[in-house]
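Let me begin by presenting the structure, written as structure tokens, before commenting on it.
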Amino acid sequence: MRVVSTRLRSLAVAGAAGAMLVLPVLVPSSASAATTVSAVSIKSVDNGAVIAAAQAASGGKYRRGGTTPAGFDCSGFTRYVYAQVGVSLPRDSRSQRAATARISAAEAVPGDLVFFHKGKKGRVYHVGIYAGNGMVYHASTKRRPVGLGPIFSSNISFGRV
């Protein structure tokens, strides 16, 4: 076994509409500070396809721990919807938050994830898919079908896959 000493660097990649994505990259310690990466493949998410998948998966029942159209909980719903467009998300809402790039409300577009927090900076307890205009696709409670509803809290943050 060969152990290579590495250090963490960042890689800035220009994205759609001039957005800049900064990715962590491990490089060998022997590499110069100006190491060039010749090609980077980043799969971008088709937000229109995410919204279409969310609409198609709507209408079912809420089920705690549910991950299929037979019944969803909030993170099961977002995970299922994103899987329909080829993106794998972690199972629970806090892990999904950790797996996304944090964006401001002004940057959020339909298809991004909306995270609901206990208090201003508290733990994440709920997740949905931003639909625009203060609306979210989500699985919230047994009293409501899975689907489109208003963002019901001001203690939210947004994440982009």
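Details
- Summed residue charge, Cβ within 10 Å of G111's Cβ, Lys/Arg positive, Asp/Glu negative: -1
- Extension gain for A70 to A83 (0.36 nm times residue separation, less C-alpha to C-alpha distance): 3.1 nm.
- Trypsin sites (Lys or Arg not before Pro) restricted to DSSP loop in the stretch 131-161 with at most 15 other C-beta within 10 Å: K142, R143
- Charge tally around K61: other residues with Cβ under 12 Å, Lys/Arg +1 each, Asp/Glu -1 each, net +4.
Here, each number is a calculation from the coordinates, and none is a lab measurement. On a predicted model such as this, the values are computed, not experimentally measured, just so you know. Backbone-built Cβ (ideal geometry, glycine too); neighbour counts: all protein chains shown.
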